[in-house]
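Student: Okay, handing you the structure first.
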Amino acid sequence: MQKKPKKARIKHSIPGRIRYKIPELKKNSLLCATIKGDLERFDTINQIRTNEKCASLIIYYSTDTISPENLTKIVSELLIAKTKRLCPIENKCSCPQVSNTLKYFSFISAVGGAVLVSESMLGITVAQNFFSPLGLITVLAAIPLIKDAIKNVRAKKFGLEGILAGGIIAAVVAGEAMTAFEIMWINAGADLLTAWITERSRQAISGILDNTTHHTFVLKDGVEIEIEIADLQKDDVVVLHTGEKVCVDGVIVDGQGLINEAPITGRADFIHKKIEDKVFAGTFVREGVIYVKAEEVGDKTYLSRILHKVEDSLENKTDIESTADKLSVRLVKIGLGATIGTLILTADPWRAFTVLLVMACPCATVLSASTPISAAINTAARHNILIKGGRYLEEVGRCNIACFDKTGTLTGNEPSLEAVHTIEGVQEREILTYAFSVETHNHHPLAQAIKTEADNRKLDPLPHTVCEYFLGKGMRAELNSQSGKNIEILVGNKKLAEQFNVRIGSLSRQVSTLKRKGLTVLYVIKDKETIGLLAFANTVRKESAMVLSSLEKGGIDRTVLVTGDEPATATQLAQLLNINEIHASAMPEEKAELVKSLQDGNNRVMMVGDGINDALALAQADIGIAMGTGGAEVAVEAADIALIDDNLAGIVYVQKLSQDTVKIAYQNFWLATGSNLAGVVMGATGFLSPVMAGMLHILHTIGVIANSSRLLTNTPQPLELKSGKIHELS
């Protein structure tokens, strides 16, 4: 649980300005931005600054309309309200806290281990009655469990805590303190495993609003001034250069640039933005300089609103009570009835106590699900798959609908040169040599693809005397030909050809065909004549086709392609991979809404993606799977499962691992339940003593762990891989 935040403490105050010291703000950009945004609504406050590194909040206010005391009260109340809702990892808030659970488990293990060493190795008999040191320690260690049991009784709930607490007290009174310690050790171990899994599955979207650098430049009276991102105000003019990340939502008022919008839309190609075009926080300026008038800043930007929705989706996911917990509760109810029944029928308190010890701690039953899940999670981690909780492992094998993003998921992120078309009398090598010569110093991804192909063909660039770059269009160069005469070469898109009044000519039909296939086309123009075309596409992952086929065999009966790319590109990929359902040009909210609509009718939906634009859909889905390497950090954090090595085949492995885990868990249920029921019968008939009841716990617990350990050797089966390119379609 979270600690209650303290009242905002005034560190320094002068009329019109107060600086507060608030520990909760330390390295917590989400809370800083949220409090700042809420305080901006007050007309009496003129300016607000936050500093998460120093955990300080600075407020400039009007002394005529509000007093320092009332301002402090507002800040304190707001702080309490916000910290109740926000639970960031930066503040080490763990619900439940793994550290406390670990300390408790370590204490129980240390005491129990010391007793075992003393009796088995040193031959020292340790007293186990109620008033012995061990008995008193046992009672003290059981206090948290007893408190939980009392709460359940007051709330008129029948829970596992009550029967466990009763069993522990009964064991100590009967002089079997070590049996009580065994009960607490198994229970504490299960709590520790649950707490660890919970904390891993709730990896905070750390610095969720820290999607930009800490500083930027704004234009003040014609001069660029560096300020902190947190100090940006609406209507500020932000100056953004090549390679910088956009930090506001706004409109370009001067300049132009190529913008990488993949974090928002998922589109792989860069967008040419000019005056009056809108840009979003979280996108990148690939080339150029733009002046952006801020319309939304901080947690009010489009990206921040998306990230808040991701957090809300994670918070609102309901926890499914595991089969093991349900079975354990049923068993303790049966055990309570069996204990009372044994006492009535046999009038032998000792037999009744034996039955109580058998059923009071359903050790193996509690571990029936947790141990195979733990083994499976560890096994997956060894194969570079991070599964953030047992519930996600269990659910992924039950999904019947799989949604896939395109770029970075089913395809790679980098374009490749897929086709070269020339006019009659011109060779491909000539076209590529010209293009390579022009693009030698260009770092655009398409230029890199040209250079890669030229290197593969061992081509050498021609020297050039003039080289010009046209933002969003292409490049022009004057090359020195072998004949000694300079030739003008243009490499670019249709806009570049139009700028130089060049017609496409005989290649116009090929252009239409290539664009219908969803390929990006560049024109190669020599001395005002189009002599060739270069067509680019994202390469389809070699494992994509087999992954989709294998998932269908594993229980997926509906596969959906959902992407921010254009319909033509999406359609071509879907045809190549035999995907029948397509949703193209989808924005992040639309992806999430689609996932939500697919969940109707008790369907379980798996969403696979890699970008910020997928994060909301990943959080909405029953199971979100993120591509790790190269993927957006927020997508990995929002997902339930992350493929760290970016291998799509990991989805097939984790689906099979899930199904194997559930199968072994049910085997464990039969083993644990059967041995418990047999122990009840033997205890009631006098064939089992209290000491043997304790041994029964240990033996069937070992059996469950041994059965679960088979998952440690579970390895992925190799897939028959096949390379694919979108351009291979007829």
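The values are calculated or read from the model by the stated rules, or taken from the named source; none is laboratory data. Everything quoted here is computed from the prediction, not taken from an experiment. Quick reminder, even Gly has a Cβ in these numbers, built from the backbone with ideal geometry, and neighbours come from all protein chains shown.
Student: Given the conditions (1) assigned to a helix (DSSP H, G or I); (2) within 37 Å of the chain's Cα centre (by Cα); (3) farther than 30 Å from Ala584 by Cα, report the number of the one that Leu393 does not fulfil.
Tutor: Status for Leu393: all satisfied but (3).
Student: Counting only residues that are of a type outside the set (S, T, N, Q), touching an Asp or Glu at 6+ places or on another chain (Cβ under 9 Å) and at pLDDT below 90, which one in region 421-448 is nearest to Ala477 (Cα to Cα)?
Tutor: Ala447
Student: Considering Val426, Val420, which residue is in a strand (DSSP E or B), over 30 Å from Ser597 (Cα atoms) and in contact with a strand residue (DSSP E or B) (Cβ under 8 Å, 6 or more places away or on another chain)?
Tutor: Within the list Val426, Val420, the selection yields Val420.
Student: Collect the residues in region 441-483 that are within 42 Å of the chain's Cα centre (by Cα), surrounded by 15 or more Cβ atoms within 10 Å (Cβ to Cβ) and of a type in the set (D, E, K, R), keeping them in residue-number order.
Tutor: Once the filter is applied, which keeps residues that are within 42 Å of the chain's Cα centre (by Cα), surrounded by 15 or more Cβ atoms within 10 Å (Cβ to Cβ) and of a type in the set (D, E, K, R), region 441-483 yields Lys451, Glu453, Lys473.
Student: What are the residue pairs meeting all of these: first residue in region 507-528, first residue assigned by TED's automatic domain parsing to the domain that holds Asn486, second residue outside any strand (DSSP E or B) and among the aromatic types (Phe, Trp, Tyr), Cβ atoms under 6 Å, and 6 or more apart or on different chains?
Tutor: Qualifying pairs under 6 Å: Val524/Tyr434.
Student: Output the residue which, of all residues in region 52-81 that are of a type in the set (Ser, Thr, Tyr) and free of Cβ contacts under 8 Å to residues at least 40 places away in the same chain, is farthest from Lys11 (Cα to Cα).
Tutor: Going through the qualifying residues, I end up with Thr65.
Student: Report whether or not Asp600 is modelled with pLDDT under 90 and either β-branched (Val, Ile, Thr) or out of contact with any His (no Cβ under 8 Å at 6 or more places or on another chain) (or both).
Tutor: On the way: modelled with pLDDT under 90: yes; either β-branched (Val, Ile, Thr) or out of contact with any His (no Cβ under 8 Å at 6 or more places or on another chain) (or both): yes.
Yes.
Student: Something else: Can you tell me which residue among Thr433, Thr411, Thr422 is in contact with a Gly (Cβ under 6 Å, 6 or more places away or on another chain) and of a type in the set (S, T, N, Q)? Walk me through it before giving the result.
Tutor: Numbers: Thr433 fails: in contact with a Gly (Cβ under 6 Å, 6 or more places away or on another chain); Thr411 fails: in contact with a Gly (Cβ under 6 Å, 6 or more places away or on another chain).
When all the criteria are applied, what remains is Thr422.
Student: Kindly indicate the residue of region 661-689 that is outside any helix (DSSP H, G or I) and not β-branched (Val, Ile, Thr) and also surrounded by the most Cβ atoms within 10 Å (Cβ to Cβ) among those meeting that condition.
Tutor: Leu688
Student: Taking the condition under 22 Å from the mean Cα position of the chain (by Cα), at pLDDT 90 or above and not charged (D, E, K, R), does Ile625 pass? Let's see the steps before the verdict.
Tutor: On the way: under 22 Å from the mean Cα position of the chain (by Cα): yes; at pLDDT 90 or above: yes; not charged (D, E, K, R): yes.
When the stated conditions are applied, Ile625 passes them.
Student: Based on this model, can you work out whether Val438 counts as among the aliphatic types (A, V, I, L, M) and either surrounded by fewer than 21 Cβ atoms within 10 Å (Cβ to Cβ) or free of Cβ contacts under 8 Å to residues at least 40 places away in the same chain (or both)?
Tutor: no
Student: Which members of region 540-566 meet the condition of being under 23 Å from Glu589 (Cα atoms) and modelled with pLDDT of 85 or more?
Tutor: Those that are under 23 Å from Glu589 (Cα atoms) and modelled with pLDDT of 85 or more: Arg558, Thr559, Val560, Leu561, Val562, Thr563.
Student: When you look at Val466, is it in the same structural domain as Ile431 (by TED's automatic domain parsing) and at pLDDT 85 or above, yes or no?
Tutor: no
Student: Next question. If I filter region 592-604 for residues that are in contact with a strand residue (DSSP E or B) (Cβ under 7 Å, 6 or more places away or on another chain) and under 19 Å from Gly412 (Cα atoms), do I get at least one hit?
Tutor: There is no residue in region 592-604 that is in contact with a strand residue (DSSP E or B) (Cβ under 7 Å, 6 or more places away or on another chain) and under 19 Å from Gly412 (Cα atoms).
Student: Something else now. So, Arg398, is that one part of a loop (DSSP other than H, G, I, E, B), modelled with pLDDT of 75 or more and of a type in the set (D, E, K, R) or not?
Tutor: Details: part of a loop (DSSP other than H, G, I, E, B): yes; modelled with pLDDT of 75 or more: yes; of a type in the set (D, E, K, R): yes.
Spelling it out, Arg398 is indeed part of a loop (DSSP other than H, G, I, E, B), modelled with pLDDT of 75 or more and of a type in the set (D, E, K, R).
Student: Also, quick follow-up: Filter region 469-487 down to residues that are in a strand (DSSP E or B) and under 15 Å from Asp527 (Cα atoms), then give me how many there are.
Tutor: Count: 8.
Student: Could you list, in sequence order, all residues of region 572-603 that are in contact with a Ser or Thr (Cβ under 9 Å, 6 or more places away or on another chain) and outside any helix (DSSP H, G or I)?
Tutor: Asn578, Ile579, Asn580, Glu581, Ile582, His583, Ala584, Ser585, Ala586, Met587
Student: While we're here: Report, by residue number, each residue of region 647-660 that is surrounded by fewer than 22 Cβ atoms within 10 Å (Cβ to Cβ) and either free of Cβ contacts under 8 Å to residues at least 24 places away in the same chain or more than 19 Å from the chain's Cα centre (by Cα) (or both).
Tutor: Lys656, Gln659, Asp660, listed by residue number.
Student: Looking at this structure, is Leu345 more than 24 Å from Ala672 (Cβ to Cβ) and either assigned to a helix (DSSP H, G or I) or at pLDDT 75 or above (or both)? Even if it seems obvious, please write down each step before you answer.
Tutor: Details: more than 24 Å from Ala672 (Cβ to Cβ): yes; either assigned to a helix (DSSP H, G or I) or at pLDDT 75 or above (or both): yes.
Taking the combined requirement at face value, the residue satisfies it.
Student: Next up: Being aliphatic (A, V, I, L, M) and at pLDDT below 85 is the filter here; which residues of region 278-296 pass it?
Tutor: Narrowing region 278-296 to residues aliphatic (A, V, I, L, M): 279, 281, 285, 289-290, 292, 294.
Of everything in region 278-296, just one residue is aliphatic (A, V, I, L, M) and at pLDDT below 85, namely Ala281.
Student: Separate question: Among (1) under 30 Å from Gly532 (Cα atoms); (2) in contact with a strand residue (DSSP E or B) (Cβ under 7 Å, 6 or more places away or on another chain); (3) β-branched (Val, Ile, Thr), where does Ile401 come up short?
Tutor: Every listed condition holds for Ile401 apart from (1).
Student: Within region 553-570, can you find the residues that are surrounded by fewer than 19 Cβ atoms within 10 Å (Cβ to Cβ) and in a helix (DSSP H, G or I)?
Tutor: Scanning region 553-570 gives Lys553, Pro567, Ala568.
Student: Further question: Look through region 259-277, keep the residues that are aliphatic (A, V, I, L, M) and part of a strand (DSSP E or B), and return whichever of them is modelled with the highest pLDDT.
Tutor: Restricting to residues being aliphatic (A, V, I, L, M) and part of a strand (DSSP E or B), the top hit is Ile259.
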